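Peer 1: Sharing a structure below in structure tokens format, with a few things to ask.
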Amino acid sequence: IGGLPDQSIADALTRLPGVAAQRIGGEASQINLRGLPGNFIQTTLDGRVQPSTSGSNYIQFDDYPSELIHQVAVYKSSQANIIEGGVGGTIAMQTANPLDNTEKQTFSLDARGSYNSRANDVYGANPRAFRISAAYQGKFLGDTLGIGLGFAQLYQPHVAEQYVNQAYSTTPVMLDGKPTYINTGVQINQDGGAERRNGYLGTVVWKPDDHFKLTGNAFFSKFNNESFQRGLRAQLFTNGGAVITNPVIAPNGALVGGTASSIPGG
């Protein structure tokens, strides 16, 4: 998983057959398994059932940074060694065990950045995004005690511009001597915002012999999503609510351009 450029564990899961992601706010979040939505999927992390923060039963997998997850197993049928409860299947996430590391101590640091030139067209939008992560694993006391620490941060602004052409009238009017169908109005929107996610991981494993292993771990993730929307709306082009000059009329009679002016005193 760590070698893939995925934003979250949800993106990594979509690389498996029979697994699809439903995007929320442009980010892969809910996982569908074998055509069933996330409400029918059991999700665990290190063997513990995960609570839902979505307001429903499905798990928002974009809360889990891919940098902090070591392995994910997708079970499409029930097995005796996994927790029962997933009608559509079970997704079992696993963090790294420091004692399985081949080296005594390892430290890794990863940083990535991106730049969106279109963000300059939206007032207040940030064109720069970044991802940073750091992880440490160490073995002590004759390889019987393992300690693992991890941190991952994502900052990702998003921008969009949208032009909405509202419904056309069903009765044509004469413009420039041609029967023309006029739309009721137009709307121009600019959307923007930013997503920030901080993930933390800590693991302690003690295995003095082959018959006993004690593991303690903690995983914390905080996800903030801020967004804004601005726009202009012009309406009442039909029924004499506006004066249309310099019209651009498509071959099918639809008005696709021109100058719309309000009626003085209207």
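Peer 1: Any chance you could tell me what percent of the C-alpha pair distances in segment 35-77 go past 17 Å?
Peer 2: Result: 34 percent of Cα pairs exceed 17 Å.
Peer 1: Let me ask something else. Return the single residue from Gly85, Gly18, Gly185 with maximal mean-square fluctuation; model: Gaussian network over the chain, springs between Cα atoms under 10 Å.
Peer 2: Sorting by GNM fluctuation, first place goes to Gly185.
Peer 1: If each DSSP helix of 4+ residues adds -39,500 (n - 2.57) and the sum is divided by the residues in the chain, what number results at 222 nm, nearest 500 deg cm²/dmol?
Peer 2: My calculation for the chain gives -500 deg cm²/dmol from helical runs alone.
Peer 1: Given contacts defined as C-alpha pairs under 8 Å and at least six residues apart, what's the relative contact order of segment 70-196, whole-number percent?
Peer 2: Value for segment 70-196: 19 percent.
Peer 1: Oh, and also: Starting from one equal scatterer on each C-alpha and no solvent at all, send me the Debye-based log10 I(q)/I(0) for segment 54-101 at q = 0.22 Å⁻¹, two decimals.
Peer 2: Summing over Cα pairs of segment 54-101 leads to -0.95.
Peer 1: Would you mind telling me the share, in percent, of accessible area of segment 1-99 contributed by carbon and sulfur at probe 1.4 angstrom?
Peer 2: Summing carbon and sulfur atoms, their accessible area is 48 percent of the total for segment 1-99.
Peer 1: May I ask for the Kirkwood hydrodynamic radius of segment 99-243, worked out over all distinct Cα pairs and given in angstroms to one decimal?
Peer 2: Radius from the Kirkwood sum: 20.6 Å.
Peer 1: For segment 149-266, what is the accessible area per residue in Å² when the probe is 1.4 Å?
Peer 2: Value returned for segment 149-266: 63 Å² of accessible area per residue.
Peer 1: Counting pairs on different chains as well as pairs 8 or more places apart, how many Lys pairs in the chain have Cα atoms under 16 Å apart?
Peer 2: 4
Peer 1: Evaluate the charge dipole of segment 172-258 about its Cα centre and quote only its size in Debye, nearest 20, assuming +1 on the Cβ of each Lys and Arg and -1 on the Cβ of each Asp and Glu.
Peer 2: Roughly 120 debye for segment 172-258.
Peer 1: Continuing with the same structure: Only Cα pairs under 8 Å and at least 6 apart count here; give the relative contact order of the chain as a rounded whole percent.
Peer 2: Across the chain, relative contact order equals 13 percent.
Peer 1: Please work out the ratio of the alpha-carbon Rg of segment 1-154 to 2.2 N^0.38 Å and round it to two decimals.
Peer 2: 1.20
Peer 1: Which whole-percent values make up P(r) of segment 136-188 when all C-alpha to C-alpha distances are grouped in 10 Å steps starting at zero?
Peer 2: For segment 136-188, the pair-distance distribution reads 17, 18, 13, 10, 9, 9, 10, 10, 5, 0.
Peer 1: Name the residue farthest towards the positive end of the dipole of the chain from the options Ala152, Gly177, Ala234, assuming +1 on Cβ of Lys and Arg, -1 on Cβ of Asp and Glu, about the Cα centre.
Peer 2: Positive-most Cα among the choices belongs to Gly177.
Peer 1: Can I ask one more? Compute the orientation-averaged projected area for the chain from the convex hull of its Cα atoms and round it to one decimal in nm².
Peer 2: Orientation-averaged projected area of the Cα hull: 20.5 nm².
Peer 1: In addition: What ranking do 173-182, 244-253 get when scored by the average of other Cβ atoms within 10 Å per residue, highest first?
Peer 2: Averaged packing, sorted descending, gives the order 173-182, 244-253.
The values are calculated or read from the model by the stated rules, or taken from the named source; none is laboratory data. No experiment lies behind these values; they were computed from the predicted model shown. Here the Cβ is made from the backbone with ideal geometry for all residues, glycine too, and neighbour counts use every protein chain on show. What goes into the accessible areas is simple: the full protein's heavy atoms, side chains included, and nothing from ligands, DNA or RNA. Shrake-Rupley method; radii C 1.70, N 1.55, O 1.52, S 1.80 Å.
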